[in-house]
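Here the structure comes first, spelled out in structure tokens, and everything after it is commentary.
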Ligand code: NAD
């Protein structure tokens, strides 16, 4: 199979590219490094099965040769990134998705879009099944991401209905693992970075708000399975094990053997109170469920952060 991965130099995308190459596929990664990094794919670039095109998919998306599958992941994903890049986020979710769909249509390729649990907004139904239409504030600061993804889903369904493109919509819930940027604002890299440096671990609100965290390897398996099975979706991919932010901070602190105190800071606007996927559909129809326990996934992630730790051990101890 020859697969295109937009956003392939990002956190999830680089793990997906790696998995596809390991499975014996040829991979073309299209990325403009808005939030991704060349070093995420540096090892892949040394092999013969991986090619990188540096391009903004909101502007144009041209790839020579046959394509069997297109995974459309390009989009800023962390709140810090999409609040910093609001117009770019709207463009990549709309124009970028239309460009990716056009390419899939022209090449007769299967198409997967990485949508998000954020389409459920601040949910009034808990946990969230795919049939729930969501509670999104269309004009709040986070709407640039939430509404762009909702548009992306609508565009995907329009191409499916109008042109018969074999599309898959997956709604990804919070995912963590190696290669997250320590400054991307998400809780896991923030807590690990602070714990390793001995700095106060900043928990927003009272830390009672919950998230359900999926280890990246499990998610990537779900993405590949969903596309292989040509499941139309939408299908939730995430780990239903729900954890409060306060508890998460304490687990990270323990794994890092840190003495950092917890420091409570105000919560951002429209921050959802609870978030847990209902994965009954993924389990029943894809035969997929996450396998990595939170503590195990966090241990692997902390090990990676230690390897790439910018803080010298001596400074950490002081
Ligand atoms: P990321 O920011 O690490 O990766 C996104 C990649 O897309 C980056 O490499 C970035 O440079 C690239 N990109 C952004 N705009 C682009 C453009 N206009 N043209 C070309 N490339 C562009 O984020 P991630 O966590 O890896 O997320 C990947 C996808 O999964 C996103 O679509 C995101 O919405 C979705 N998702 C992720 C999570 C999560 O917890 N990580 C949760 C829900 C959904």
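The values are calculated or read from the model by the stated rules, or taken from the named source; none is laboratory data. What you see is a predicted model, and the numbers here were worked out from it, not measured in a lab. Using ideal geometry, Cβ is built from the backbone for each residue, glycine included, and neighbour counts are taken over all protein chains shown.
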Could you check region 18-42 and list, in sequence order, the residues that are assigned to a helix (DSSP H, G or I) and either near the ligand (Cβ under 6 Å from one of its atoms) or free of Cβ contacts under 8 Å to residues at least 24 places away in the same chain (or both)? 22, 39, 42
How many residues are within 8 Å of the ligand (Cβ to nearest atom) and in a strand (DSSP E or B) if we restrict to region 1-17? 1
So which residues in region 227-266 are in a loop (DSSP other than H, G, I, E, B), surrounded by 15 or more Cβ atoms within 10 Å (Cβ to Cβ) and more than 25 Å from the chain's Cα centre (by Cα), if there are any at all? 258, 260
Looking at (1) at positive phi; (2) within 16 Å of the ligand (Cβ to nearest atom), find the lone condition where residue 224 falls short. (1)
Using the structure shown, decide if residue 86 is crowded, with 20+ Cβ neighbours inside 10 Å and either modelled with pLDDT under 95 or touching a helix residue (DSSP H, G or I) at 6+ places or on another chain (Cβ under 7 Å) (or both). no
Please state which one of 112, 101 is crowded, with 23+ Cβ neighbours inside 10 Å, more than 19 Å from residue 33 (Cβ to Cβ), touching a residue at least 60 places away in the same chain (Cβ under 8 Å) and within 13 Å of the ligand (Cβ to nearest atom). 112
Please count how many residues of region 66-120 are more than 12 Å from the chain's Cα centre (by Cα) and in a helix (DSSP H, G or I). 29
Looking at region 162-183, can you tell me whether even one residue there is part of a helix (DSSP H, G or I) and more than 13 Å from the ligand (Cβ to nearest atom)? yes
Unmet requirement for residue 129, which otherwise passes all of (1) within 16 Å of the ligand (Cβ to nearest atom); (2) in contact (Cβ under 8 Å) with a residue 40 or more places away in the chain; (3) surrounded by fewer than 21 Cβ atoms within 10 Å (Cβ to Cβ): (1)
